[in-house]
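Worksheet for the structure shown next.
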Amino acid sequence: MTQIDPRPLRVVQITDCHLFAGTDGRLLGLNTEDSLRLVLDRVTCEQSHIDVILATGDLSQDGSMSSYRRFQQHLARFKAPSYWLQGNHDLTEPMVNALGGHGRRDSHLSPCLIAVGDWRIIMLNSSVEHEVPGYFMPDELEFLRDALVKTRGHHTMVCLHHHPVPMGCDWLDNQVVRNAGEFWAIMDAVDHVKVVLWGHVHQNSEQVRNGVHLFSSPSTCVQFKPLSKDFAVDDIAPGYRWFDLYPDGRFETAVSRVEGVAFDVDMSVKGY
Ligand SMILES: [Fe+2]
């Protein structure tokens with residue numbers, strides 16, 4: 001008898017939107033509000049159903065309340081709940097306020113544990129405010145340790161902002177999670193984590209470590225060139241990542257990028 005898979009869970013990742021207080025803000029020449037809208041238009045066209053939206057940091061460039069409120073308004077076009085984590089450009093307090101205050105912070109801002117069907121998703125804060133490189137504070141590692149006990153028996157995805165492994169980009173690898181060794185020591189003690197997912201690096205990548213699939217994803221605005229020694233902007237279009245998560249632990253994933261739009265990016269900039 002042929003077994004028909006039940007509908008998989010559809011997860012959409014939106015990352016590194018870098019919104020400003022005003023809608024005319026530009027990062028390296030690119031209007032980040034416009035590019036986010038174009039990426040979300042693509043999500044709307046491609047995704048007839050979404051179970052969960054994961055926003056993996058640098059949602060704002062300037063940490064302004066209005067940037068987070070507008071991000072929230074942008075996501076309101078989808079019925080799916082969204083869960084946020086902090087990037088190095090983000091500030092926790094305005095994120096909490098945009099999410100509706102401290103009551104919702106516990107469930108929708110990292111650190112948080114999401115139950116979706118047979119899967120569990122752990123959202124972690126790898127950012128220290130006003131610092132660029134990643135670092136897990138002791139409380140965050142304790143949350144991870146505890147969450148991995150609670151999720152035992154479930155296929156699990158772990159999300160953070162910074163890359164916990166080198167990307168092969170020297171300038172970005174200076175910003176790798178500084179205590180990634182502690183993170184991996186906790187992760188290596190369990191065998192139910194299937195996916196680790198991050199933002200920050202503004203580029204698509206896939207690696208496998210100890211049987212765990214590791215993914216980075218395009219920003220909704222400016223892209224960085226893979227395998228570049230020094231800071232370099234890529235001319236590839238903004239985009240997002242989706243996952244289909246199956247009850248037996250299998251998953252499918254891909255990146256989708258905006259097409260047919262010329263983006264105004266200043267390729268000569270040597271840093272950001
Ligand atoms: Fe970013």
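The values are calculated or read from the model by the stated rules, or taken from the named source; none is laboratory data. Since the model is a prediction, treat every value here as computed from it, not as a measurement. Backbone-built Cβ (ideal geometry, glycine too); neighbour counts: all protein chains shown. SASA here: full protein model, heavy atoms, side chains in, ligands and nucleic acids out. Shrake-Rupley method; radii C 1.70, N 1.55, O 1.52, S 1.80 Å.
Roughly speaking, what is the stretch gain from Glu131 to Glu259, that is 0.36 nm per residue apart minus the C-alpha to C-alpha distance, in nm to one decimal?
Answer, rounded to one decimal: 42.7 nm.
By DSSP, what percent of the beta bridges with both residues in region 138-230 are antiparallel, rounded to the nearest 5?
40
First measure r as the distance between the Cβ atoms of Asp173 and Asp41, then evaluate 1/(1 + (r/R0)^6) with R0 = 45 Å and state the FRET efficiency to the nearest 0.05.
Working from the Cβ atoms, E equals 0.85.
I'd like the carbon and sulfur percentage of the solvent accessible area for region 127-267, probe radius 1.4 Å, heavy atoms only, ligands and nucleic acids excluded.
Roughly 50 percent, rounded to a whole number.
Can you pull the one-decimal nm distance between simple spin-label points at Glu206 and Glu252, each 7 Å off the Cα toward Cβ?
Each label point lies 7 Å from its Cα, and together they span 1.2 nm.
Using 7 Å Cα-to-Cβ label points, what is the Asn97/His49 separation (nm, one decimal)?
With each label placed 7 Å out from Cα toward Cβ, I get 3.8 nm.
How much accessible surface area, in Å² rounded to 10, belongs to the heavy atoms of Glu259 with a 1.4 Å probe?
Solvent-accessible area, nearest 10 Å²: 130 Å².
Pop a pseudo-label 7 angstrom from the Cα along the beta-carbon direction at both Tyr272 and Asp139 and give the gap in nm to one decimal.
In this crude label model, Tyr272 to Asp139 measures out at 3.0 nm.
So what is the relative contact order of region 129-230, in percent, for Cα pairs below 8 Å that sit 6 or more residues apart?
Computed value for region 129-230: 29 percent relative contact order.
If Lys and Arg each add +1 and Asp and Glu each add -1, what is the summed charge of the other residues whose beta carbon sits under 11 Å from the beta carbon of Gly211?
That sum, taken over residues with Cβ under 11 Å, equals 0.
At 222 nm, what value in deg cm²/dmol follows for the chain if DSSP H runs of at least 4 each add -39500 (n - 2.57) and the sum is divided by all its residues, to the nearest 500?
-7000 deg cm²/dmol
Among Val201, Val11, Val149, which one shows the biggest mean-square fluctuation in a GNM of the chain, springs joining Cα atoms closer than 10 Å?
Among Val201, Val11, Val149, the largest mean-square fluctuation in the Gaussian network model of the chain belongs to Val149.
Would you be so kind as to identify which of Val265, Gln203, Leu38 lies farthest towards the positive end of the dipole of the chain, taking Lys and Arg as +1 and Asp and Glu as -1 on Cβ and the Cα centre as origin?
So the residue we want is Leu38.
Return one whole number: the accessible area per residue of region 9-257 in Å², for a 1.4 Å probe.
On a per-residue basis, region 9-257 sits at 38 Å².
Report the Cα centroid-to-centroid distance between region 25-82 and region 187-243 in angstrom, as an integer.
18
Where both partners of a DSSP beta bridge lie in the chain, what percent of those bridges are antiparallel, to the nearest 5?
55
I want the antiparallel fraction of DSSP beta bridges within region 1-159, as a percent rounded to 5.
So the antiparallel bridges in region 1-159 amount to around 35 percent.
Which listed residue (Tyr68, Tyr135, Val222) has the Cα farthest towards the positive end of the charge dipole for the chain, taking +1 on Lys and Arg C-beta and -1 on Asp and Glu C-beta about the Cα centre?
Tyr68
Given the convex hull of the Cα atoms of the chain, what is a quarter of its surface area in nm²?
If I average the Cα hull's projected area over directions, I get 14.3 nm².
Using the Cα centre as the reference, give the magnitude of the dipole from point charges on the C-beta atoms of region 119-272 (Lys, Arg: +1; Asp, Glu: -1; all else neutral), rounded to the nearest 20 debye.
Taking the Cα centre of region 119-272 as origin, the dipole is about 340 debye.
Dipole of the chain, Cα-centred, from +1 at each Lys and Arg C-beta and -1 at each Asp and Glu C-beta, to the nearest 20 debye?
The calculation lands at about 580 debye.
Just the number, please: carbon plus sulfur as a percent of the accessible area of region 1-56, 1.4 Å probe, no ligands or DNA/RNA counted.
Carbon and sulfur together cover 51 percent of it.
Using amide H atoms built in the peptide plane, which far-off residues or other-chain residues are under 5 Å from Asp90 H to H?
Here the answer is Asp58, since their amide H atoms fall under 5 Å of that of Asp90.
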